[in-house]
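A quick write-up on the structure given underneath.
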């Protein structure tokens, strides 16, 4: 991608290009209960992966009152109650993200002519989850493991020079800005469920642990004969590995009530929890003009504690009287993000005085439909409207769909989920001596592909 030159890109010295500030969402949408948090905001605090089994992805998670796999351990463990037999399942996923950053081109009259896209950044995160459910009617047990959070994000922006020489190429490529983050926070847990009459109850627990968490940011320099100052082929990339300082425990409780063959309601509760970590210094601040947090990087390692509020969800399943099975699902989730807290145990901030963010309550509404075309092939579709706990302009609509094939004890499921969001933000990389005083247009789109295989014994 050829970068369209901006005024702050015309310096070609190493100091002019060195990134001094990397802006990002500071822990605000961590665990917002959906896949749909903005990917650029991942590098500091991550993005919840959310759904793992393909059936759940296709229905956008609206099937909170229905069993798909052992992943109910992490949502509503009451779903597994009444299961008979042994079910093994595994899911493979790929989450792709595209980010377009642009700035307005203004004519001599001050009117915006168009938006110049100067960088397109693409990334992909592969995931695997698996689990098993065993049941004998009154009692059911599940074991499951799935990626829970990921900071994954890959940003690569061309750096172009301005050469005033006889050289034909007056806009040579001299390097790249990088912002890369990798790793997974894994959730592993177990649950138990039981049924009595028309009621089902369940209890699940999971532990979080980090795997290969690292990030890299800075400049890579090309060996260009056109730019003597950058001809050494060296770079200013900084690499950092970071780790969790605790093993957070999350408890899920679920309740289901059946009203005959056609109606079912469910309720679940996820406890609040804390994540402690140490990483190279990220100092959060709040930009009231932009209405979003900003973060500056320092050279010091900083320990932090993030308190995530509890989550509640209500679900509904309706089965019309059709010759072929059809189910309609609705779910409504709620988190009181005003209870969100971040505190620091170092000289930057007293650990007993949490940093106060202007958060708000957030609802997530999901709906889905599943219709079996015949006994072996289902059609599934879903949608989600997810409110942002920070700004209503960051709320997102998500569409999903999928199908599958069932043959005896073996079942294959596939799904795809699409989401997009647009917002204004500062330039990520700002040269020394210059300030990020203008906004860019950011458009992010995300696609989640999922394939699941289940086998019942």
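Just so you know, all these numbers are worked out from the coordinates, no wet-lab data involved. Everything quoted here is computed from the prediction, not taken from an experiment. Cβ coordinates were reconstructed from backbone atoms using ideal geometry, including for glycine residues, and neighbour counts include every protein chain displayed.
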Checklist entry - Put a dot 7 Å past each Cα toward the Cβ at residue 403 and residue 261; how far apart are the dots in nm? => result 2.8 nm
Next on the checklist: Ranking request for peptides 73-79, 301-307: highest mean number of other beta-carbon atoms within 10 Å first, then the rest in descending order.
Outcome noted: 73-79, 301-307
Checklist entry - For residue 393 and residue 249 in the same chain, what is the full-extension length gain: residue separation times 0.36 nm, less their Cα-Cα distance, in nm? => result 48.6 nm
Checklist outcome for this item: Expressed in nanometres to one decimal, the distance between label points 7 Å along Cα→Cβ at residue 441 and residue 242 is 3.2 nm
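What is the extension gain from residue 207 to residue 314, computed as 0.36 nm multiplied by their sequence separation minus the C-alpha to C-alpha distance, in nm to one decimal?
On the way: separation 107, 0.36 × 107 = 38.52 nm, distance 2.38 nm.
Full-extension gain reported as 36.1 nm.
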Item to check | Exposure proxy ranking, count of Cβ atoms within 10 Å, fewest first, for 324, 88 | outcome: 324, 88
